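To keep things clear, I will list the structure first and then write my remarks on it.
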Amino acid sequence: MGKVIVLDAEGKQVSFTSEKKAERLLQEGKAVEVSRDPFTIRLARVVDLPAREEPPAPALPGEGKRILLHICCGPCGTYTIQRLRDLGFAVTGYWYNPNIHPFAEHELRRETLRGYAEQVSLPVIWHETYDMPLYFRQVAGHEAFGERCRICYRLRLEQTARAARDGGFDAFTTTLLISIHQDQEAIRQIGEEVGEAIGVPFFYEDFRRGWSERGRIANEYGLYKQHYCGCLYSEWEAARARAIKGTR
Ligand code: SF4
């Protein structure tokens, strides 16, 4: 025996019933037949169905959390700030880049970030000192590209993690993760090591999917875009590469 479709007086489908029960409702005048194929009856009364509860939206990973974002320059901050906000984080920027040389270039990048941060209402903690001598002491004897970069990442991420811990942040991360020129795996590994040692979780996401959006936003806001990574070594390497290519 097939199931019979049951409508209420307003025509809403409210349930199914057996043919035997449907026939009884028809005989008792409590329902009228709508069709035989498929067998459908309509009740004489309106049935109030309980409202269907929508499942709650899944929580965003950053909801209710404060994150300290180490920012290496204004352009790399663009997509990254937006993305972290989209993930629900309350974002605060952190400026600590003793690897940027000379000092005039450091100031130019810092001012670029300052202007952009104002426009997107980003609070920023500015590390007070320019620790350029510390950078050179740490990379001394390890100047090869890659080797010195890992030291450079650690120097900046350790300081960011300490600032995050002191400021009571729930996590920290870095705009270095958006760069197609940096060693993503090394940054992730060092960030996680440092976070564990200092006691603040490192938030990892491969932000490189936002690389072209980074360029678009930087152009829209007219941000200064540098032509070398930051240290004197990288400035020399970039100049040498351009000379070899004959672009300068
Ligand atoms: S190339 Fe960039 S990441 Fe590497 S040491 Fe220089 S400033 Fe740091």
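The values are calculated or read from the model by the stated rules, or taken from the named source; none is laboratory data. Everything numeric here is computed off the predicted structure, so don't read it as measured data. Here the Cβ positions follow ideal geometry from the backbone for every residue, glycine too, while neighbour counts run over all protein chains shown. SASA here: full protein model, heavy atoms, side chains in, ligands and nucleic acids out. Shrake-Rupley method; radii C 1.70, N 1.55, O 1.52, S 1.80 Å.
In the chain, excluding the sites themselves, the longest stretch lacking any of the GluC sites (Glu not before Pro) that are in a DSSP loop with at most 11 other Cβ atoms within 10 Å is 129-248.
Restricting attention to the chain, close to 40% of DSSP beta bridges with both partner residues there are antiparallel.
Aspartates and glutamates near LYS65 by alpha-carbon distance under 15 Å, same-chain residues fewer than 8 away left out - which ones? The qualifying aspartates and glutamates are ASP86, ASP170. Reported to the nearest whole Å, the Cα centre-to-centre distance from the range 1-40 to the range 201-242 is 69.
With bins 5 Å wide beginning at 0, the percent of Cα pairs of the chain falling in each bin runs 1, 6, 11, 13, 14, 11, 6, 3, 2, 2, 3, 4, 5, 5, 5, 4, 3, 2, 1, 0.
Between helix 74-86 and the chain there is an angle of about 20 degrees, using the helix long axis and the longest principal axis of the Cα atoms.
Entry comment: accessible area of the range 66-242 is 45 Å² per residue, from protein heavy atoms only and a probe of 1.4 Å. Taking the 1.4 Å solvent-accessible surface of the chain as the whole, the part contributed by carbon and sulfur is 52%.
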